[in-house]
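Q: Quick one: this structure, given as structure tokens, is what I'll be asking you about.
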Amino acid sequence: MDMENLRRWASQPDVCRCCLSTSGTWDLLATYTKDTGEKEIYSELLHSCFGISKSKRAKSHRTRKYTRIEDDLPSEIEHDYEPNLEDNTVDVTSTERKRIKLTCDTVLRDTTACPFRHHKSWFQCFFCTQTFMEIPTLRLHTLEMHADLDEQIKNLKRYPRSLQIDITELKCRLCNLNLVDIDTMQVHFIDIHKQVIYKECIADYKVDSSPYTCHHCGKQFHVFRTLTTHLNKHYPNYICDVCGKSFLNSKRLKVHNRTHESGEFPCSKCGKVLQTKTSLANHMESHSKRVIRCQICSEPMKHYNDRIKHMSEEHNITHKFKCPICAREYNIKHYLATHIRQTHGLKDKKCAECGMAFITNHGLKKHMQKHSGVKAFSCDVCSKAYARSYSLREHMRVHDG
């Protein structure tokens, strides 16, 4: 159903705007009751569709308070509204935040899913700042260095909008049952352990090495970030009202909405005025001096990974760099060198305080900041200080809203 038909369907008087069923309600913010006058229809629909119950207080300025029935977590924010659907959709930020925390705590503590963050070409440990080229190496690091999961969860400063997890070796820690995917995991925890997991708070992968394969449809990608974007198609939790594209979480939708912002965006190189930020970004590529060409047909490309893909698909040529120790292969020589250093490297740089060992001096130096007690990075807004610039950047999100 396209967006126009969706809007037309949802505008009908007997269609629920939550689940699009015809169970009976007149408007998203309506307070109509059944013919018997027993209860408000919308409250019942919220319960059956999303597990949310609603209580209403009659005041001069009407408010609603939302509470999730499954886990009995009351919302701390009451949502003010005027009876105008177009301008006042229900703000579920507080509910979403609670669902994320509940899901993260359960998945991190009670499953063997490997959480991670992704930055550029690196996989970062979910609990610390150490980075890795491969998820298997990160998984071993997490098991060895962050075994006390209760303590790790307790020390989390903030939760991600979507918990990125590798489910290659997914099991339930409570009963040691193998779990095929997050659908199986969700049903298992609800039915057996009476714990709620919200799938919309999870981005699940089965990651080994490039090319990265989508375990939902089998499509392969040379760049992991492209796979994360592709995942939006399999989890249409949020829909763009303008173009109908789907997104896994509200943050991705918010970033996407900027591409529809219209106005005048001048190019800093040539002065040409573009109508959207996306058009400007695409235009700026034309000023890039860096042109990567195919060594056989001289076709120009923007990125090195595009050439790797082109060589493979058009000329059936693949350059593989094989690890002499474990025979793992890489398309880029630098990636192989990093793999050897991280996976097979000798950890001979030891911390004099706690004995923890590192492969590089840089890793040891970053670790020593924990023991020095020096907090050289301070917040200009509230004066809180941190030992690492990364921690300060994470803290600044609090002030950015």
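Q: Kindly provide the set of residues from the range 154-177 that are out of contact with any Phe, Trp or Tyr (no Cβ under 9 Å at 6 or more places or on another chain) and more than 17 Å from TYR205 (Cα to Cα), ordered by number.
A: Once the filter is applied, which keeps residues that are out of contact with any Phe, Trp or Tyr (no Cβ under 9 Å at 6 or more places or on another chain) and more than 17 Å from TYR205 (Cα to Cα), the range 154-177 yields LYS154, LYS157, ARG158, TYR159, ARG173, CYS175, ASN176, LEU177.
Q: Residue under question is ILE182, and the condition is that it be in contact with a helix residue (DSSP H, G or I) (Cβ under 9 Å, 6 or more places away or on another chain), free of Cβ contacts under 8 Å to residues at least 40 places away in the same chain and surrounded by 18 or more Cβ atoms within 10 Å (Cβ to Cβ); does it hold?
A: Criteria met by ILE182.
Q: Now for a different question. Looking at LEU248, is it surrounded by 14 or more Cβ atoms within 10 Å (Cβ to Cβ), of a type in the set (A, V, I, L, M) and either assigned by TED's automatic domain parsing to the domain that holds ASP181 or free of Cβ contacts under 8 Å to residues at least 12 places away in the same chain (or both)?
A: Here the answer is no, as LEU248 does not meet what is asked.
Q: If you check every pair at least six apart or on different chains, which have Cβ atoms under 8 Å apart with a residue in the range 275-288 that is of a type in the set (D, E, K, R) first and a residue that is part of a helix (DSSP H, G or I) second?
A: Once the first residue is of a type in the set (D, E, K, R) and sits in the range 275-288, its partners that are part of a helix (DSSP H, G or I) give LYS277/ARG258; LYS277/THR259.
Q: Filter the range 218-270 down to residues that are of a type outside the set (Phe, Trp, Tyr) and over 19 Å from the mean Cα position of the chain (by Cα), then give me how many there are.
A: 19
Q: Do you know which residues across the range 129-166 are in contact with a His (Cβ under 8 Å, 6 or more places away or on another chain) and outside any helix (DSSP H, G or I)?
A: GLN130, THR131, PHE132, MET133, GLU134, LYS157, GLN164
Q: Condition test on ILE190, is it surrounded by fewer than 18 Cβ atoms within 10 Å (Cβ to Cβ) and not basic (Lys, Arg)?
A: Here the answer is yes, as ILE190 does meet what is asked.
Q: Hey, LYS366 hits all of (1) touching a residue at least 60 places away in the same chain (Cβ under 8 Å); (2) more than 30 Å from VAL223 (Cα to Cα); (3) not aromatic (Phe, Trp, Tyr) but one; which does it fall short on?
A: Tallying (1) touching a residue at least 60 places away in the same chain (Cβ under 8 Å); (2) more than 30 Å from VAL223 (Cα to Cα); (3) not aromatic (Phe, Trp, Tyr), LYS366 fails exactly one: (2).
Q: More than 18 Å from ASP208 (Cβ to Cβ) and exposed (fewer than 15 other Cβ atoms within 10 Å of the Cβ): is that true of ASP105 in this structure?
A: no
Q: OK, next. Tell me yes or no: at least one residue of the range 343-351 is within 19 Å of PHE132 (Cα to Cα) and in contact (Cβ under 8 Å) with a residue 24 or more places away in the chain.
A: Scanning the range 343-351 turns up at least one residue that is within 19 Å of PHE132 (Cα to Cα) and in contact (Cβ under 8 Å) with a residue 24 or more places away in the chain.
Q: Another question about this same structure. Quick check: anything in the range 267-279 loosely packed, with under 12 Cβ neighbours inside 10 Å, among the charged types (D, E, K, R) and over 26 Å from HIS118 (Cα atoms)?
A: yes
Q: OK, next. Name the residue, out of ASP204, ASP241, that is closer than 23 Å to HIS256 by Cα, of a type in the set (D, E, K, R) and surrounded by 17 or more Cβ atoms within 10 Å (Cβ to Cβ).
A: ASP204
Q: Show the residue pairs meeting these rules: Cβ distance below 6 Å; 6+ apart or different chains; first residue within the range 201-228 and at positive phi and in contact (Cβ under 8 Å) with a residue 40 or more places away in the chain; second residue assigned to a helix (DSSP H, G or I) and surrounded by 16 or more Cβ atoms within 10 Å (Cβ to Cβ).
A: none
Q: Which numbered condition trips up GLN369, out of (1) under 25 Å from PHE123 (Cα atoms); (2) of a type in the set (S, T, N, Q); (3) in contact with a Leu (Cβ under 9 Å, 6 or more places away or on another chain)?
A: Of (1) under 25 Å from PHE123 (Cα atoms); (2) of a type in the set (S, T, N, Q); (3) in contact with a Leu (Cβ under 9 Å, 6 or more places away or on another chain), only one is false for GLN369: (3).
Q: For the range 133-179, enumerate the residues that are without any contact (Cβ under 8 Å) to a residue 24 or more places away in the chain and farther than 30 Å from HIS395 by Cβ.
A: The answer is CYS175, ASN176, LEU177, ASN178.
The values are calculated or read from the model by the stated rules, or taken from the named source; none is laboratory data. Bear in mind the structure is a predicted one, so any value in this text is a computation, not a measurement. Neighbour counts run over all protein chains shown; Cβ positions are idealised from the backbone, glycine included.
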